[in-house]
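The values are calculated or read from the model by the stated rules, or taken from the named source; none is laboratory data. Predicted model, so just to flag it, every value in this text is computed and none were measured. Cβ: placed from backbone, ideal geometry, glycine included. Neighbour counts: every protein chain shown. Just the protein is used for accessible areas: all its heavy atoms, side chains included, with ligands, DNA and RNA removed. Shrake-Rupley method; radii C 1.70, N 1.55, O 1.52, S 1.80 Å.
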Amino acid sequence: MSDTLDLDHLRQWIGRSTDATDVVTAHLVMGLRATLFQEIGEPKPGDAAPWTTHWCLGQPVFPMSQLGPDGHPTRGGFLPPVPLPRRMWAGGELEFLDALRVGDAPKRTSRIADVTVKTGSTGTLCFVSVNHEVTTSRGLAIRERQDIVYREITTTPSTAPTKAPPPPPVAKHRESHISDPVLLFRYSALTFNGHRIHYDRDYVTKVEGYPGLIFHGPLQAALIVEFAAKLHGGQPPKKFVYRGLQPLFEGSEFSVNANDKDGGLELWTANAEGQPTMKGTASW
């Protein structure tokens, strides 16, 4: 790590805010439905969009000259300039109050809520929490907390003994799909996400040391939310809290799973071995 992580400096970003606006188009809804394994249809003005369409809207656009080696914009600006090379979507919380609809022009207001540092098995971890509110002409539609984690790239093999994974959890409700590069590319395009870990196999394997392309955290969360709504008569959870557990990689089957729990649902995505990669709880 070339720069020292100065937590006091990074915490000066707490309270900073920014706004973004965009339009929910029929073409965007069709593309996202296709990527979420839904019927594409012919969306008309006023038709409801998938529940996490807001992740495709108002994404910042930077010139190529301002992108870092990982495809993300260089550090600084709205997000604090955390001097750790790996950046991942760690988890968050969503509250759904109203659907976004074709023709809406939502506004997203984002604010840095917290910056913390922890030490984990892979070294220093820096967590940045961002609060978002998405509004339309009808009022508040979505309230969200997004947790981003930054960490070091570790090239030294771990000397810790490898523990056998626990038995895969058994799901009452389950859907399975294939994680292939085209799926990952489509979601990167829909969200204007230039992060190379999702589409550049040479970069993700040779520079960041992963075994293959990495499935987007928000794409896993989006599939979980849609599955929760499907199991609840089309209604999204009033609150959905989730966190990533381990990376999900390209090239194999993955599943979206759910069990009934305390009047809500416990949900997770799992890799081909059945091991959870993201977990969440949904309540209505």
Inset, instruction - Using a Gaussian network model of the chain whose springs link C-alpha atoms within less than 10 Å, name the residue from H216, H54, H232 with the highest mean-square fluctuation. - result: H232
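What size of dipole, in debye to the nearest 20, comes out for the range 135-284 about its Cα centre when the only charges are +1 on Lys and Arg C-beta atoms and -1 on Asp and Glu C-beta atoms? Don't skip to the end; give the middle numbers.
Working: 17 positive and 15 negative charges, 99 e Å.
The dipole of the range 135-284 has a size of about 480 debye.
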Inset, instruction - Kindly write out, for the range 188-198 in residue order, the coupling ³J(HN,Hα) from the Karplus curve 6.51 cos²θ - 1.76 cosθ + 1.60 (θ = phi - 60°), rounded to whole Hz, with x marking Gly and Pro. - result: 4, 5, 4, 9, 6, 9, x, 4, 6, 5, 9
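Let's test the formula: R0 of 22 Å, r as the Cβ-Cβ distance of V61 and S17. What FRET efficiency results, to the nearest 0.05?
Numbers: r = 19 Å, r/R0 = 0.85.
Working from the Cβ atoms, E equals 0.70.
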Legend entry - Low-density loop cleavage sites - GluC sites (Glu not before Pro) in the range 13-111, where at most 13 other Cβ are within 10 Å (DSSP): E39
Inset, instruction - Taking the dipole about the Cα centre of the chain, with the C-beta of Lys and Arg at +1 and of Asp and Glu at -1, give me whichever of G31, P85, N131 is farthest to the positive side. - result: N131
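Roughly speaking, to the nearest percent, how much of the range 30-138's 1.4 Å accessible area is carbon and sulfur?
Numbers: 2730 of 4980 Å².
That share works out to 55 percent.
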Inset, instruction - Sequence neighbours fewer than 8 away in the same chain don't count; with that in mind, list the lysines whose C-alpha is under 25 Å from K163. - result: K118, K279
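With charges only on Cβ, +1 for K and R and -1 for D and E, what is the dipole size of the chain about its Cα centre, in debye, rounded to 20? Provide the component values of the computation, followed by the final result.
Working: 29 positive and 30 negative charges, 63 e Å.
Dipole about the Cα centre, nearest 20: 300 debye.
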Legend entry - Computed lengthening from D114 to L140, 0.36 nm per intervening residue step minus Cα-Cα distance: 7.1 nm
Legend entry - Residue with peak Gaussian network fluctuation, the chain [Cα springs, cutoff 10 Å], from A99, A34, A258: A34
Inset, instruction - Just add up the charged neighbours of D114: K/R +1, D/E -1, any other residue whose Cβ is under 11 Å from the Cβ of D114. - result: +2
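If you keep only loop residues by DSSP, which chymotrypsin sites (Phe, Trp or Tyr not before Pro) in the range 149-245 have at most 13 other Cβ atoms within 10 Å of their Cβ? Working shown, then result.
Numbers: sites: Y150, F185, Y187, F192, Y199, Y203, F215, F227, F240, Y242; in loops: F192, Y199, F215.
Here the chymotrypsin sites (Phe, Trp or Tyr not before Pro) that fit, given the DSSP loop and packing criteria, are F192.
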Legend entry - ³J(HN,Hα) computed for each position of the range 125-141 - Karplus, 6.51 cos²θ - 1.76 cosθ + 1.60, integer Hz, glycine/proline x: 10, 10, 9, 10, 9, 10, 9, 10, 10, 10, 10, 10, 5, 8, x, 5, 9
Legend entry - Euclidean distance of C-alpha centroids, the range 80-130 and the range 227-284, integer Å: 19 Å
Inset, instruction - Roll a 1.4 Å probe over the protein chains and send me the accessible area per residue for the chain in Å². - result: 50 Å²
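Could you give the size of the charge dipole of the range 203-284 about its Cα centre, using +1 on the Cβ of each K and R and -1 on the Cβ of each D and E, expressed in debye and rounded to the nearest 20? Spell out each step's value before the answer.
Numbers: 7 positive and 8 negative charges, 59 e Å.
For the range 203-284, the charge dipole is close to 280 debye.
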Legend entry - 3J(HN,Hα) from dihedral phi, the range 68-84, Karplus parametrisation 6.51/-1.76/1.60, rounded to Hz, x for glycine, proline: x, x, 8, x, 7, x, 4, 5, x, x, 5, 7, x, x, 5, x, 10
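Taking Cα pairs under 8 Å and at least six residues apart, what relative contact order does the chain come out at, in percent?
Values: 589 pairs, mean separation 53.0, N = 284.
Computed value for the chain: 19 percent relative contact order.
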Legend entry - Radius 14 Å from Cβ of S176, net charge of other residues (Lys, Arg +1; Asp, Glu -1): -3
Legend entry - Portion, in percent, of the accessible area of the range 163-284 that falls on carbon or sulfur, probe 1.4 Å: 54 percent
